[in-house]
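> Got a structure here, written out as structure tokens. Questions coming.
The values are calculated or read from the model by the stated rules, or taken from the named source; none is laboratory data. Just so it is clear, the model here is predicted, and its values are computed rather than measured. Positions of Cβ are generated from backbone atoms using ideal geometry, with glycine treated the same way; all protein chains shown enter the neighbour counts. Calculation scope for accessible area: heavy atoms of the full protein, side chains included, ligands and nucleic acids excluded. Shrake-Rupley method; radii C 1.70, N 1.55, O 1.52, S 1.80 Å.
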Amino acid sequence: MENKLGVFLVLLSVTCFCKANNTCNVPDTKKSYVTCLAISMAHSVGPCVPPDPSVLLALNLGQVKDPTAQDILIDQLKNDAVDRVSKNASFTSGKVALYVLALRSSCVDPSNISVQQGSINLVQLLENKTREELRAFDTAAVVVMGLVCVLGMENIPEKTLTEVRTTLSGLLNFILEHQKDGLIGNVYSTGLAGQALFAAEKYFIISWNCSGTIQKVLDLIPNKTFSLPIAAAQVLPFLWGTSYVSVKYLPCPKAQFISVGYTIVNNLVEEYFQYSTIVLVEEGSTLLQVMQKAAELDPNRFSFESKTFTWGVYITAINHLAESTEDKTYWQFFSDTTPLAVGVSSYIPKKNELIIAAFSKYE
């Protein structure tokens, strides 16, 4: 059961095509409550505040935008994800799923997260964590959204669909059994639970007092019940009549591709060589990604080796020619004739720029 739920979380992250079915709305007289809550949540974002993927999801799904806060969160989440993996820190499947969704909602490819500290594939990481236990009430709500997405996909075997419907039915009953006084579970689980029920209404007849739940949440906002950013982030999509399932509907600008020239040169030790290529990468790609693309296109010439440190990625070998501390040799990078001031995982080449990797000697 837990393995299946983990797989469905992966499906939620990368292939969901569902849409929440709104059955109730925030009254016009109370919409200012929701707007103020969203603004307060956005103002909590800052360089010294730990990032939360739910906050970025709420900003992207909602009606209140703060581009500065969104940009800060994107950078923070990317760096935090790489840092967690490099340090083998706690990173549950549920948390990874939220990171994947949040970055996807900002048009960032979660399968290729590249920062100064290194690169990771969050989708692959999520797949590797499918054996994590999924017993928490909030996690059940996220899984419901994942299962709803599976029902909306094409070419799913009937046996699988039957299993999904059965599992969904059990989870929905579990969630609905926790209704009390307008809340579902407790104050802080109600937002995610409401999102899950919104998403499931397309496929199930659900008996729940949606308007009563919304009213209960609205009554709690003036008491600062949701003043913590994470609390606001989970309840706001519900109040907006949407859910994490709607991430797939967020429009992303078409990727702009640029050509980058890449040359590797060894005039220092035998056997000498010089190879050049032109690679096509998305605008904003790092030099490391340019090198990866070149190696993918011509591994016999442009393959390379690297080491990852806290300050970034260091190239140790290109075309099977490795640096040597004994010989005082290393690979130096240039933009045309200008040495690069930052590493390959930080430098962003420009359109038609020529990057040269030269095998060099230091004193």
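> Out of all the residues in region 57-105, which are charged (D, E, K, R), within 30 Å of residue 33 (Cα to Cα) and either over 14 Å from the mean Cα position of the chain (by Cα) or surrounded by fewer than 20 Cβ atoms within 10 Å (Cβ to Cβ) (or both)?
65, 66, 71, 75, 95
> Within region 42-56, can you find the residues that are open to solvent by 40 Å² or more (accessible area, probe 1.4 Å) and assigned to a helix (DSSP H, G or I)?
Taking region 42-56 first, the residues open to solvent by 40 Å² or more (accessible area, probe 1.4 Å) are 43, 47-50.
The one that is open to solvent by 40 Å² or more (accessible area, probe 1.4 Å) and assigned to a helix (DSSP H, G or I): 43.
> Taking the stated definitions as given, is residue 189 open to solvent by less than 10 Å² (accessible area, probe 1.4 Å) and of a type in the set (Gly, Ala, Ser)?
yes
> Within the set of pairs 6+ apart or on separate chains, which have a first residue in region 295-324 that is without any contact (Cβ under 8 Å) to a residue 40 or more places away in the chain and under 21 Å from residue 80 (Cα atoms), a second that is open to solvent by 20 Å² or more (accessible area, probe 1.4 Å) and among the charged types (D, E, K, R), and C-beta atoms under 8 Å apart?
Listed by first residue and then by second, the contacts come to 314/307.
> Among residues belonging to region 295-339 that are open to solvent by less than 80 Å² (accessible area, probe 1.4 Å) and among the aromatic types (Phe, Trp, Tyr), point out the one that is modelled with the lowest pLDDT.
314
> Being closer than 24 Å to residue 117 by Cβ, open to solvent by 20 Å² or more (accessible area, probe 1.4 Å) and in a helix (DSSP H, G or I) is the filter here, so list the residues in region 249-294 that pass it.
Within region 249-294, 289, 292, 293 meet the criteria.
> A further question follows. Quick check on my filter: what residues within region 282-294 are over 23 Å from the mean Cα position of the chain (by Cα) and either aromatic (Phe, Trp, Tyr) or over 22 Å from residue 86 (Cα atoms) (or both)?
Within region 282-294, just 294 meets the criteria.
> Looking only at residues in region 11-41 that are closer than 22 Å to residue 248 by Cα and either part of a helix (DSSP H, G or I) or of a type in the set (Gly, Ala, Ser) (or both), which one is modelled with the highest pLDDT?
The residue in question is 38.
> Can you confirm whether region 138-147 contains a residue that is of a type in the set (Ser, Thr, Tyr), at pLDDT 80 or above and either open to solvent by 70 Å² or more (accessible area, probe 1.4 Å) or within 18 Å of residue 245 (Cβ to Cβ) (or both)?
Looking for residues that are of a type in the set (Ser, Thr, Tyr), at pLDDT 80 or above and either open to solvent by 70 Å² or more (accessible area, probe 1.4 Å) or within 18 Å of residue 245 (Cβ to Cβ) (or both), one finds none in region 138-147, hence no.
> When you scan region 199-209, do you find a residue that is crowded, with 18+ Cβ neighbours inside 10 Å and part of a helix (DSSP H, G or I), even just one?
yes
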